[in-house]
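All remarks here apply to the structure that follows.
All of the numbers you see were taken from the coordinates with simple rules; none came from a lab. Predicted model, so just to flag it, every value in this text is computed and none were measured. Here the Cβ positions follow ideal geometry from the backbone for every residue, glycine too, while neighbour counts run over all protein chains shown.
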Amino acid sequence: MTVHAIDQAITERYAIYQGDCCELIRAVPDASIGFGIHSPPFEGLYRFSNSERDISNNEGAAFWDHYGFLIGELLRVTKAGRLHAVHCMQLPTSKTRDGFIGMRDFRGEIVRAYQAAGWIFHSEICIWKDPVVAQQRTKSIRLLHKQLVKDSAISGQGLADYMLVFRKAGDNDAPVSGMLDRFVGEGLDVTQDGYDAYCRQGRAARSDFKPWPFEMWRSVLIWQRYASPVWMDIRQTRTLQYRAARDHQDEQHISPLQLDVIERCIDLWSAPGETVLTPFLGIGSEVYVAADRGRKGIGFELKDTYFRQAKRNLAELDKPEAQRLFEDESAAALEVSDDV
């Protein structure tokens with residue numbers, strides 16, 4: 001099948017296409033994708049473009065009809081026994097739209113939609129988010145300390161992120177095997193110095209202590225962090241450069257998924273040389289990580305400003321890591337204001 005894209009960028013490491021993902025994915029062969037990862041439009045929360053093809057411009061049943069078609073196509077192109085990870089959060093409600101301030105179970109709606117399409121709900125990870133940063137970004141009165149003092153019946157916790165992981169039924173003919181050799185995140189020392197300290201402490205505690213080999217020790221420590229159902233050690237500001245992708249309507253909602261999260265998922269659930277797919281490319285984060293980690297990335301993006309920024313970001317792969325441009329929202333020190 002031939003499907004024409006508006007624009008494209010193809011190298012030996014990745015292929016990205018501008019256009020409607022529901023159309024472009026039809027050109028992907030059956031059972032050809034080793035792993036997939038994406039962050040879908042959060043139904044009813046944001047509008048990303050004026051295009052009639054943009055899923056974010058649908059609400060209610062129309063949104064789930066469009067997204068449901070894509071979910072079915074993702075199942076078709078994924079290899080048997082392999083996984084697809086979906087980033088989401090519970091959605092806040094508002095008095096204007098919903099008549100009350102609270103939250104909506106968007107996470108559960110996604111789980112039910114994938115199950116209805118034939119996916120197996122495999123696992124999930126809760127990702128901690130700083131409520132102070134969340135309040136400054138969203139201006140939610142639920143997170144204000146002065147609201148707690150005024151009437152705590154309105155107060156509520158911040159909204160965590162989730163990675164929902166789904167598995168296609170069947171046997172995996174190509175096991176993703178091997179130990180973990182690279183920790184991504186904060187606060188874990190898996191260097192040779194850390195291993196030497198582990199050996200010294202063990203021998204001091206027990207005369208018969210037999211240390212694991214270095215590679216085993218490192219992999220076990222990393223897995224203990226990654227196996228946690230709550231990831232508290234994600235670097236929240238480590239994202240791809242995105243400010244050049246903004247147009248005048250984007251200031252409140254463009255927020256790339258952290259590279260730490262994507263790297264962990266790709267390291268855990270795909271093997272080098274395999275193809276990783278994202279149907280919502282955005283500024284290129286998932287494809288960037290896939291290519292950087294020795295996989296082949298494929299991505300689709302409808303919005304022209306995002307696609308152009310994705311091409312710029314992916315071009316950074318040819319530079320040494322120290323010279324690459326990353327966004328850092330923590331550049332300006334956070335201060336506690338009178339509004340807290």
From the backbone phi of segment 188-199, what are the Karplus-calculated ³J(HN,Hα) couplings (6.51 cos²θ - 1.76 cosθ + 1.60, θ = phi - 60°) in whole Hz, Gly and Pro given as x?
10, 9, 10, 7, 4, 5, x, 5, 4, 5, 4, 5
For segment 69-175, what size does the Cα cloud have along each of its three principal axes, sorted from largest down, in whole Å?
58, 28, 19
Percent of all Cα-Cα pairs per 10 Å bin for segment 187-229, counting from 0 up to the last occupied bin, reads 28, 50, 21, 1
Backbone N within segment 119-136 under 20 Å of label point (7 Å from T237 Cα along the Cβ vector)
128-136
Using the structure shown, list the pairs from K168/K303; K129/K150; K168/K210 with a Cα-Cα distance above 31 Å, or answer none.
K168/K210
May I ask for the net charge around W231, where only other residues with Cβ less than 14 Å from the Cβ of W231 are counted and Lys, Arg are +1 while Asp, Glu are -1?
-3
